[in-house]
Amino acid sequence: SKRYKSLILKIDKAKSYPLPEAVDLLLTMTNAKMDETIEVHLSTRVDKLTGSVNLPYGTGKKQKVVIVDDKVIDNISNGRIDFDILIAAPSFMPKLARLARILGPKGLMPNPKTGTVTPDVATAVANVKGGQVAFRVDKKGNIHAGIGKVSFEADKIAENLSAFVGAINKHKPATAKGRYIKNAALSLTMSPAVKLDIAALLDIR
């Protein structure tokens, strides 16, 4: 579209932007018709990485969280999936395991590493609604996540991103050699990506 092409012209493709500058640039690309999501995209050197992080200012996204019981399991078995996040007590995992072929491809399978399998389901629900974000690498080593909305103040977006990248760095496998994160970029729901300066991100803890 003409709009998208005009946004591309704002970005220096040869440049890796410091975090504050990248956020400021993104906020000039907003679509006035919607509160777009700020998305982070990381390319890593690993193929197995799962975890979660509580963002200081939340994601700005309302998500439907469901606690697993027998009725929920029946609904999933019958193809009814009307939730964004599924939280389960350990005792329900044997039953859920039979539904992994349904939940797995959708990224909805509860996992203790993301805090969605726990005996304290009430706390897990509170964490998710308070801004917890789960992450995992795909088959190509990439991680994608929403870390805020364009309606957030720039410094809050930067703090959320720092918290997210810090969690990724803390989860670095001992077997990972060299530069753990290869590339990083920020984008909006409907914008081109802005490449981030990796050197500063690797020092975030």
Out of all the residues in segment 17-34, which are in contact (Cβ under 8 Å) with a residue 60 or more places away in the chain, assigned to a loop (DSSP other than H, G, I, E, B) and open to solvent by 70 Å² or more (accessible area, probe 1.4 Å)? 34
If we keep just the residues of segment 82-114 that are closer than 23 Å to residue 41 by Cβ and among the small types (Gly, Ala, Ser), which is least open to solvent (accessible area, probe 1.4 Å)? 104
Only one of (1) open to solvent by 60 Å² or more (accessible area, probe 1.4 Å); (2) within 17 Å of residue 163 (Cβ to Cβ) fails for residue 48. Which number is that? (2)
Applying the selection to segment 37-83, what residues are within 23 Å of residue 17 (Cα to Cα), part of a loop (DSSP other than H, G, I, E, B) and of a type in the set (A, V, I, L, M)? 55
In segment 1-44, residues that are basic (Lys, Arg) and under 17 Å from the mean Cα position of the chain (by Cα) total 0
Number of the exception - residue 59 against (1) under 23 Å from residue 145 (Cβ atoms); (2) open to solvent by 70 Å² or more (accessible area, probe 1.4 Å): (2)
How many of the residues making up segment 107-159 are touching a helix residue (DSSP H, G or I) at 6+ places or on another chain (Cβ under 6 Å), of a type in the set (A, V, I, L, M) and under 17 Å from residue 185 (Cα atoms)? 4
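The values are calculated or read from the model by the stated rules, or taken from the named source; none is laboratory data. All figures in this text were calculated on a predicted structure; none of them were measured in a lab. All Cβ positions, glycine included, derive from the backbone under ideal geometry; neighbour counts span all protein chains shown. Heads up: the accessible areas ignore ligands, DNA and RNA and are worked out on the full protein's heavy atoms, side chains in. Shrake-Rupley method; radii C 1.70, N 1.55, O 1.52, S 1.80 Å.
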